[in-house]
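The values are calculated or read from the model by the stated rules, or taken from the named source; none is laboratory data. The structure displayed is predicted, hence computed values, not measured ones. Because the Cβ atoms are built from the backbone with ideal geometry, glycine has one as well, and the counts that use them run over all protein chains shown.
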Amino acid sequence: MVIEKRPGLPAVWFLTMHSKTVRVEFYGVVRLRTNREHFDTTPGTLAEVLRAVQCAFPTLAPDYIREGRPAPHLLVSLDGGPATDDPTLPLVAGATVVLVSAQSGG
């Protein structure tokens with residue numbers, strides 16, 4: 001995928017509007033378990049996207065993803081927003097979902 005700068009439009013807008021997938025980014029232990037920085041999948045609900053991630057990376061089940069739902073110690077953020085666990089949340093093409101393993105300690 002190529003990011004182009006179009007006159008009058010931010011490059012991020014161009015990338016988002018022309019993407020046909022949902023990007024899932026991995027951080028923390030989730031990244032270690034998948035050995036990947038990200039995974040692209042088809043749009044759908046949060047549950048459908050998490051099921052796709054679980055199928056592609058079985059090492060995440062059941063510790064981080066359970067039947068299309070995030071486990072209690074997995075934080076899910078959509079496009080930089082607050083954490084969510086709503087399985088019916090629609091994820092449209094161009095969305096970015098961040099999966100972060102919750103850490104404890106100080």
Practice problem: Return a yes/no flag: does the range 60-68 have any residue that is outside any loop (DSSP other than H, G, I, E, B) and exposed (fewer than 14 other Cβ atoms within 10 Å of the Cβ). | Solution: no
Practice problem: Considering only the range 43-56, state which residues are out of contact with any helix residue (DSSP H, G or I) (no Cβ under 7 Å at 6 or more places or on another chain) and of a type in the set (Val, Ile, Thr). | Solution: Thr45, Val49
Practice problem: Search the range 69-106 for residues being without any contact (Cβ under 8 Å) to a residue 40 or more places away in the chain and β-branched (Val, Ile, Thr), and hand back the single one that is surrounded by the most Cβ atoms within 10 Å (Cβ to Cβ). | Solution: Val76
Quiz item: Can you name every residue in the range 69-106 that is touching a helix residue (DSSP H, G or I) at 6+ places or on another chain (Cβ under 7 Å), of a type in the set (Gly, Ala, Ser) and more than 20 Å from Arg31 (Cβ to Cβ)?
Solution: Gly94
Quiz item: Across the range 29-40, what is the number of residues that are buried (at least 16 other Cβ atoms within 10 Å of the Cβ) and either more than 19 Å from Leu89 (Cα to Cα) or at pLDDT below 95 (or both)?
Solution: 5
Quiz item: So which residues in the range 58-81 are under 13 Å from the mean Cα position of the chain (by Cα) and not hydroxyl-bearing (Ser, Thr, Tyr), if there are any at all?
Solution: Ile65, Gly68, Arg69, Pro70, Leu74, Leu75, Val76, Leu78, Asp79, Gly80, Gly81
